[in-house]
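Quick notes on the structure that follows.
Each value in this text was obtained by applying a stated rule to the coordinates, not by laboratory testing. All of these numbers come straight from a predicted model, not from anything done at the bench. Using ideal geometry, Cβ is built from the backbone for each residue, glycine included, and neighbour counts are taken over all protein chains shown.
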Amino acid sequence: MSESLVEIELPPASSDAPPSAVPATHLPTAASTPVAVSPPHRKPLPEVSAKRSLLREQMVLLRLALRVATELSPRALWKMLYLYAAKGAGAIWAYKRRLAKGELYPPFLFIAITNSCNLRCHGCWVEKEGEGHVLGLDEIDLMIESGKRRKSYYYTLLGGEPFLVKDIWKIFETHSDCYFQTITNGMIFTEANVERLKRLGNVTPLVSLDGFEQQNDLRRGDGVWQAAMKGLERLKEAKLFYGIATTATGLNLEEVMSDEYVEYFIERGAMYIWYYVYRPMSPEPHTEYCVSEEQLLWLRRRLLELRRKHPILIIDTYWTADGEAFCPAATGLGFHIGPKGSIEICPALSFATDNVQNHQDDLWDAFDQNDLLRTFQGFVQERTKGCVILENPQELHDQLRELNAQDTSGRDTAFDELNALTPRHSHHLPGREVPEDFWFYRLLKKNVFFGMGAIG
Ligand code: SF4
């Protein structure tokens, strides 16, 4: 193991069992062959008058406000409101001004600080078997300081497992004026780590879970759910602002979009659930996890229902306030930095023509003058509002080859993987757009930040 990484000590398993009322109609057992399911047929919600609908929205916001006031520590609440919400809104305004001038610099970055991980999840695109890489503190400082000059104070750290990196705490401490969302498998929340997070206040852990115990451990490995639940218990006790990242797949869709799933995490203190949709980018693409067009449409409608019912933020990164699809990389909202410093399109597309190490004091040119990123944006805009990995894999492959992009995935197979994909539907659903019908989410999507939409 590299000296830059910590050895992980697993928390003891929790005795907390998931509710027995979990819809289990489509749950495969660990031994069964996964089979894609049709969109679930839930009963539509009864028609409600505009007045009753408004009352219901107000009630859900009131319950959310009550949760925020009583379940978060004053420090976690203040840092979230100031560093995330207020500074995030400032970053979006600055980004919109740059866009109007034709400049390209993202308000937000995904930074993969390592490719090392203690798990081996199905369909994960991160190469973990070869050499372990950890981004240097100097490179991370360069990215963050460059961002601050453009009013960007929000960063998502990911991996691998970012909490394996010993220096992660130095990043949080050095940049106490920034807010860090940290995507984790949730197995490192020892008492000492949670205490450090509590003292810092500028970190929101986003714990990846893809269903209840059986469904989650099918992808992530036995015992992962139980260990993560112990971690969530500690985050709740510490009154931290944290969320759950759930990847919707063709196999877990009904389960992860159920009321029971959302309520389960509300009880455990989560303040937001961030839904992703599965992308088959890996040497073993597991296309059985892909979500069909009908399932995507159902997912979109179901997101709106959940938002009106539950006192928790329900986040998607796929649709604007008007229900139109968008690609964060094509709009320039966020790009991805790989664990060796490569400047990549997004976490799923590990291709690059430049590296942060090629730049000294500032990264303006690394984005604004980046041929790969600019050509990618034009490529997407000519074809779709959705995801070109899913809709146009071969054309994208050819375009990346033409640009002399390097495969920076560490797998050396990313070009072949892309070329071998069967084109399929993404979240772009022309003629069937479903606009946000809850004013609160329309407001967030238009004004606050990435993940809430931030455009439209
Ligand atoms: S290319 Fe696809 S996965 Fe990447 S940012 Fe765009 S929509 Fe998301």
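For the chain, DSSP calls about 20 percent of its internal beta bridges antiparallel. Per-residue ellipticity at 222 nm computed for the chain from its helices equals -11000 deg cm²/dmol, with DSSP H segments shorter than 4 residues left out and the rest contributing -39,500 (n - 2.57). Per-peptide packing, taken as the mean over residues of other Cβ atoms within 10 Å, places 389-395, 362-368, 314-320 in the sequence 314-320, 389-395, 362-368 from highest down. Annotation: amide H-H contacts under 5 Å for I244 (H modelled 1.01 Å from N, sequence separation of 5 or more, or interchain): V207, Y272, I273, W274.
Here's the picture: charge each Lys and Arg Cβ at +1 and each Asp and Glu Cβ at -1 in segment 50-447, and of A76, L297, H122 the one pushed furthest to the positive end of that dipole is A76. Cross-link pairs exceeding 26 Å between alpha carbons, from the set K96/K385; K101/K445; K101/K148; K87/K309: K87/K309.
For segment 93-127 versus segment 159-221, the inter-centroid distance based on Cα atoms is 17 Å.
Ordered by the count of other Cβ atoms within 10 Å of each Cβ, fewest first, K51, K166 give K51, K166.
For I111, the amide hydrogen comes within under 5 Å of the amide hydrogens of T156, L157, L158, I337, counting only partners 5 or more places away or on other chains and with H modelled in the peptide plane. Positive end of the dipole of segment 50-447 (Cβ unit charges, origin at the Cα centre): among F415, P280, P107, the Cα lying farthest that way belongs to P107.
Extending 7 Å from the Cα toward the beta-carbon at both S292 and T422 defines two label points whose distance is 1.2 nm.
Size of the dipole of the chain about the Cα centre, Lys and Arg at +1 and Asp and Glu at -1 on the beta carbon, nothing else charged, in debye to 20? Walk me through the intermediate numbers first.
Values: 50 positive and 60 negative charges, 455 e Å.
That gives the chain a dipole magnitude of about 2180 debye.
Within straight-line reach of K446, meaning a Cα separation under 18 Å, sit the following aspartates and glutamates at least 8 residues removed in sequence or on another chain: D316, D322, E324, E433, E436, D437. The distance between label points at R401 and R196 comes to 4.6 nm (points 7 Å beyond Cα on the Cα→Cβ vector).
Of the listed peptides 242-255, 81-94, what is their order by residue-averaged count of other C-beta atoms within 10 Å, with the highest listed first? Kindly include the intermediate steps, with their values, before the conclusion.
On the way: 242-255: 24.6, 81-94: 18.1.
Ranking the peptides 242-255, 81-94 by packing returns 242-255, 81-94.
Dipole size in debye (nearest 20) for segment 86-156 around its Cα centre, Lys and Arg Cβ +1, Asp and Glu Cβ -1?
Numbers: 11 positive and 8 negative charges, 149 e Å.
Roughly 720 debye for segment 86-156.
With neighbours defined as other Cβ atoms within 10 Å of a residue's Cβ, the residues H286, H175, H427 order from fewest to most as H286, H175, H427.
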